[in-house]
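The values are calculated or read from the model by the stated rules, or taken from the named source; none is laboratory data. Here the structure is a predicted model, which means the values were calculated and not measured. FYI the Cβ positions are ideal-geometry reconstructions off the backbone, even for glycines, and counts take in every protein chain you see.
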Amino acid sequence: MDAARYPLEPTPDELEAQTRAVADFVLAQLRGLADQPSFDLDGVEPLRAAFDEGLPEGGTPLAELLERLKPAIAKSYNTAGPGYLAYIPGGGVYAAALADLIACAVNRYVGVAQAAPALARIEETAASWLCRLMGLPPGARGILTSGGSLSSFSGIVTARHERLGEAFQDGVLYFSEETHYCVTKAARLAGFPRASLRALPTDARFRLRPEALRNAILEDRARGKRPFLVVANVGTTNTGAIDPLPDLLEVAREHGLWVHADAAYGGFFRLAPGGETRLRGIEECDSITLDPHKGLFLPYGLGALLVKDGDALARVHREGASYVQDVTHAGSLGFADLSPELSRDFRGLRLWLPLMLHGTSAFRDQLEEKLALARWAFDELRSDERFELLDEPQLSVVAFRLRAPADEAERLGPELLRRVNARKRVFLSSTRVQGRYALRICVLSFRTHADRVKDAVSALRQEARALVGRTPSRESSTRRRRT
Ligand SMILES: Cc1ncc(COP(=O)(O)O)c(C=O)c1O
């Protein structure tokens, strides 16, 4: 083969050299991970500007391109590192990268079963493992998506189709005010106006109140609306709250509503000891969003939608055309029949390979460790009177505030975050809970262990001391907060 004439088809030797160069590059990145700063955006502007470039007519050697990528990777939040305790981390289990390399290199099509029967079965099997992990009955089916947002979208469209049919404008959806914004986004994309979305109040532990749900349904019914869906949280992003699924299911069943669990963050904790009790009711939900790129620590880009009545997926998604008659047959279902996508990556492999390679127990152990680390951080911060803890961790999020007079809290909270992050050992993020600023630690990377969580807690304590001084007594801080 003439490599100069056909540059898109490198010679075998060139391919080997390129593959080795990329492997060396990636392994060097991973080797230094624990010593890298938790984030680094210093001087990123010129770097970013350098990528604002025109379409190249000719090629550039791979080594040069890898050199350019190095600083671009370094100047970022270190989302793969052990110090990343912000938002919802995961880390990115390496086996998934190997799976992606294989999947892209062999480039087989898995959207219809006939095109690669055994590979399509790998993806089906991996999705069915997720159904089993959530305790769904036989007949449940799963599809793999790019993440929780797309899973929520397909979940809401499926519920809409099953409960409302084609004329759905009078349908109403319910969820708590702590629900992730991807749910309202998905509902709007699914055709529901904001006026049909009910964000309901929560209890003292940030969980949807079943009574609030019941009352809202009755009110909407009385107004001639069609309540059809409740989205229950299995681990909110803010505090990790788990809505009371059994009670919500009861209310939903009374009124014929579909129950979708947003378990994007929390679902995989069902694997951990005590998980079935903690997540009781998830096995009864009509559909579930999971994010393996969170709770199974895979790289960004893998979510899942599980549906208890798996045939519902086909009822809403299946279409046909004569030009696919050779590969689609009555009775045989492929992912293209069950999900919005036709051509897409072979994402089943990035779930199947890590689970096969490491076994479920490796993931279970990690999840157990994360729960214990969050509990430890909670106990430590609670013992320091400078901090007000919002709730006992229901999963692996610890949300807290700096105790400070109300007029200073909004300034001191962000300043505490800035100072802790500026040490570059850990990276935390903030939120607002019931209108007030709060910080949070989310322990969910397979690379985060006790040493890093200890660093986070001691940085918080030291910086809090520097900001608010000596430990205020509980009474005086309570008095100050009341004034
Ligand atoms: C509870 C919850 N639901 C849904 C999502 C959205 O998932 P994704 O970012 O994979 O689209 C997130 C993301 O953090 C989340 O925390």
Go through region 289-306 and give me each residue that's within 11 Å of the ligand (Cβ to nearest atom), of a type outside the set (A, V, I, L, M, F, W, C) and either farther than 29 Å from Arg163 by Cα or part of a loop (DSSP other than H, G, I, E, B) (or both).
Asp291, His293, Lys294, Gly295, Tyr300, Gly301
Pairs only if they're at least six apart or on different chains, beta carbon under 8 angstrom, first in region 196-208 and on the phi > 0 side of the Ramachandran plot, second buried (at least 17 other Cβ atoms within 10 Å of the Cβ) and among the hydroxyl-bearing types (Ser, Thr, Tyr); list them, first residue then second.
Phe206/Ser176; Phe206/Thr236; Phe206/Thr239
Selected residue [away from the ligand (no atom under 16 Å from the Cβ) and surrounded by fewer than 19 Cβ atoms within 10 Å (Cβ to Cβ)] from Arg198, Arg160, Arg214, Arg141:
Arg214
Expected single match for surrounded by fewer than 17 Cβ atoms within 10 Å (Cβ to Cβ) and among the hydrophobic types (A, V, I, L, M, F, W, C) among Ala304, Ala272, Ala314 is Ala314
Hits in region 119-132 (condition: touching a residue at least 24 places away in the same chain (Cβ under 8 Å) and out of contact with any helix residue (DSSP H, G or I) (no Cβ under 6 Å at 6 or more places or on another chain)):
Leu119, Glu123, Glu124, Thr125, Ala127, Trp129, Leu130, Cys131
Taking the residues in region 218-248 that are in contact with a strand residue (DSSP E or B) (Cβ under 8 Å, 6 or more places away or on another chain) and farther than 30 Å from Ile441 by Cα as candidates, determine which candidate is nearest to the ligand (Cβ to nearest atom).
Leu229
Only residues in region 141-156 that are closer than 18 Å to Pro193 by Cα and modelled with pLDDT of 95 or more count as the first member; pair them with residues that are near the ligand (Cβ under 8 Å from one of its atoms) and of a type in the set (S, T, N, Q), Cβ under 8 angstrom, at least 6 apart or cross-chain, and list the lot.
Ser152/Thr289; Gly155/Thr289
Being surrounded by fewer than 19 Cβ atoms within 10 Å (Cβ to Cβ) and either of a type in the set (Phe, Trp, Tyr) or within 16 Å of the ligand (Cβ to nearest atom) (or both) narrows it down to one of Asp345, Asp365, so name that one.
Asp345
For Leu313, are the conditions met, namely being more than 12 Å from the ligand (Cβ to nearest atom) and not small (Gly, Ala, Ser)?
yes
Return the only residue of Asp286, Asp262 being crowded, with 21+ Cβ neighbours inside 10 Å, within 16 Å of the ligand (Cβ to nearest atom) and closer than 22 Å to Ser151 by Cα.
Asp262
Candidates Glu385, Glu368, filtered to the one that is farther than 24 Å from Pro273 by Cα, touching a residue at least 12 places away in the same chain (Cβ under 8 Å) and not aliphatic (A, V, I, L, M):
Glu385
Looking only at region 173-195, filter to residues that are assigned to a helix (DSSP H, G or I) and of a type in the set (D, E, K, R); which one of those is surrounded by the fewest Cβ atoms within 10 Å (Cβ to Cβ)?
Arg194
Condition check for Ser128: of a type in the set (Ser, Thr, Tyr), surrounded by fewer than 23 Cβ atoms within 10 Å (Cβ to Cβ) and within 15 Å of the ligand (Cβ to nearest atom)
no
